[in-house]
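Worksheet for the structure shown next.
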Ligand SMILES: NC(=O)c1ccc[n+]([C@@H]2O[C@H](COP(=O)([O-])OP(=O)(O)OC[C@H]3O[C@@H](n4cnc5c(N)ncnc54)[C@H](O)[C@@H]3O)[C@@H](O)[C@H]2O)c1
Ligand SMILES: N[C@H](CO)Cc1c[nH]c[nH+]1
Ligand SMILES: [Zn+2]
């Protein structure tokens with residue numbers, strides 16, 4: 001006999017639907033003041049005590065028996081050794097995924113550009129890779145070799161000079177696939193530290209961990225909260241917190257497939273969020289039955305159940321139009337359009353980290369090897385953030401190169417505007433460069 005899973009049911013026809021949905025999605029439901037305060041304390045300790053704090057937190061939170069920071073540093077040779085320790089099949093899969101991710105990301109690379117005006121003035125944009133990037137690879141409840149590829153390959157394609165990776169190794173267990181992926185992707189240095197302390201170390205630097213220009217990568221609530229706090233000291237890519245999936249289904253996909261797609265994100269974390277939206281009430285019940293049937297067969301049934309019961313939902317809507325409205329309101333990390341004609345609905349989707357089109361495109365393919373990045377904005381931040389990409393590792397500088405004539409012409413306009421702002425040094429600086437006209441006026 002299977003026990004039924006207590007998943008929240010919502011109906012968009014309910015007058016209180018918007019309030020229930022807001023509650024379901026609220027960041028506060030995964031992060032509270034206690035998490036925030038703990039993260040702030042950790043950041044402060046790392047700033048004040050550097051390596052010593054890193055060692056202590058790694059002992060405490062990851063159960064690693066580290067005597068000093070030296071026990072938490074891995075060089076390139078260790079990464080190369082890992083390549084020899086994985087099976088040929090694993091190596092082939094990593095290399096195939098890496099190749100597809102690289103090909104996709106090469107298309108994102110931005111080049112410098114410029115144009116020349118009639119008077120010889122040149123305007124342009126110079127694109128420069130970051131000097132040093134810090135990659136957070138999660139590792140608390142699962143190991144993520146795929147996240148190594150997704151973080152490191154765009155950095156390398158962008159031309160970042162130094163790529164530093166941090167990854168927790170709970171109980172000191174190093175995952176050979178993670179290190180092999182780091183070797184394949186060309187990571188320069190690895191520190192086996194995680195959580196808020198790793199983010200703080202990358203942001204502020206310690207005696208051993210180099211300060212980076214930007215911290216990227218996904219992680220749990222401690223990692224996501226720490227990234228929020230260090231933003232400004234360093235760049236961050238986005239808030240890529242606990243995983244999410246929103247499946248919009250017309251009721252015609254095998255309910256077992258949909259249940260497993262929901263599980264695929266729920267199994268990441270108790271804080272993950274899996275939601276199904278459909279206009280077909282019978283279908284929602286069939287998926288609920290599949291969930292009850294399949295959950296006991298899952299390796300990570302405990303995590304999945306907590307996630308599905310705490311943060312999951314089955315939402316009934318009036319029709320597909322309303323399903324898309326709900327999807328845009330949620331702005332999910334992953335959106336599966338499990339419908340007959342996904343192309344017809346695509347133009348109406350405005351907010352989603354990644355969109356998986358059609359019944360055959362399971363989100364899991366995107367997690368590993370389709371090519372697009374799996375580091376994606378969560379908790380509604382797809383309204384203003386994009387997938388991790390090469391552009392996250394490149395920055396732009398404007399180029400202005402005035403000809404004598406160009407400076408003279410622009411000087412007249414600048415002078416008027418500067419005097420309008422009562423900034424006379426600006427005005428006079430521009431005016432010095434205005435050419436006297438031929439009559440000597
Ligand atoms: N959005 C994305 O693109 C994306 C991609 C992959 C994974 N993810 C998410 O990344 C997360 C990975 O989480 P994880 O836990 O497996 O690994 P993690 O590396 O993110 O977190 C582990 C670290 O959390 C810290 N931590 C745990 N409990 C703590 C506590 N009580 N106090 C202080 N620190 C604590 C520890 O330092 C530990 O090293 C999941 O939520 C998964 O859904 C997101
Ligand atoms: N679904 C995760 C992003 O939210 C990425 C991942 C890695 N491995 C499996 N899944
Ligand atoms: Zn996943």
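The values are calculated or read from the model by the stated rules, or taken from the named source; none is laboratory data. On a predicted model such as this, the values are computed, not experimentally measured, just so you know. Here Cβ is always computed from backbone atoms with ideal geometry, including for glycine, and neighbour counts include all displayed protein chains.
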- Name, by its number, the condition in (1) closer than 23 Å to residue 329 by Cα; (2) within 15 Å of ligand 1 (Cβ to nearest atom); (3) touching a residue at least 40 places away in the same chain (Cβ under 8 Å) that does not hold for residue 389. (1)
- Task: Would you be able to say whether some residue in segment 393-413 is without any contact (Cβ under 8 Å) to a residue 12 or more places away in the chain and closer than 30 Å to residue 238 by Cβ?
- Result: no
- segment 367-390 - residue that is surrounded by fewer than 18 Cβ atoms within 10 Å (Cβ to Cβ) and in a helix (DSSP H, G or I) and, of those, farthest from ligand 3 (Cβ to nearest atom): 383
- Qualifying residues in segment 151-180 (those that are more than 23 Å from residue 56 (Cα to Cα) and either modelled with pLDDT under 95 or assigned to a strand (DSSP E or B) (or both)) - the one farthest from the chain's Cα centre (by Cα): 162
- Within segment 206-219, can one find any residue that is near ligand 1 (Cβ under 10 Å from one of its atoms), within 23 Å of residue 61 (Cα to Cα), at pLDDT below 95 and in contact with a helix residue (DSSP H, G or I) (Cβ under 9 Å, 6 or more places away or on another chain)? yes
- Task: Go through the residues of segment 344-352 one by one and say whether even a single one is under 24 Å from the mean Cα position of the chain (by Cα) and within 16 Å of ligand 1 (Cβ to nearest atom).
- Result: yes
- Task: Go through 193, 239 for me and flag whichever is away from ligand 3 (no atom under 16 Å from the Cβ), part of a loop (DSSP other than H, G, I, E, B), within 17 Å of the chain's Cα centre (by Cα) and closer than 28 Å to residue 164 by Cα.
- Result: 239
- Message: I'm told residue 108 meets every condition in (1) touching a residue at least 60 places away in the same chain (Cβ under 8 Å); (2) in a loop (DSSP other than H, G, I, E, B); (3) under 30 Å from residue 302 (Cα atoms) except one. Can you identify the failing condition by its number?
- Response: (3)
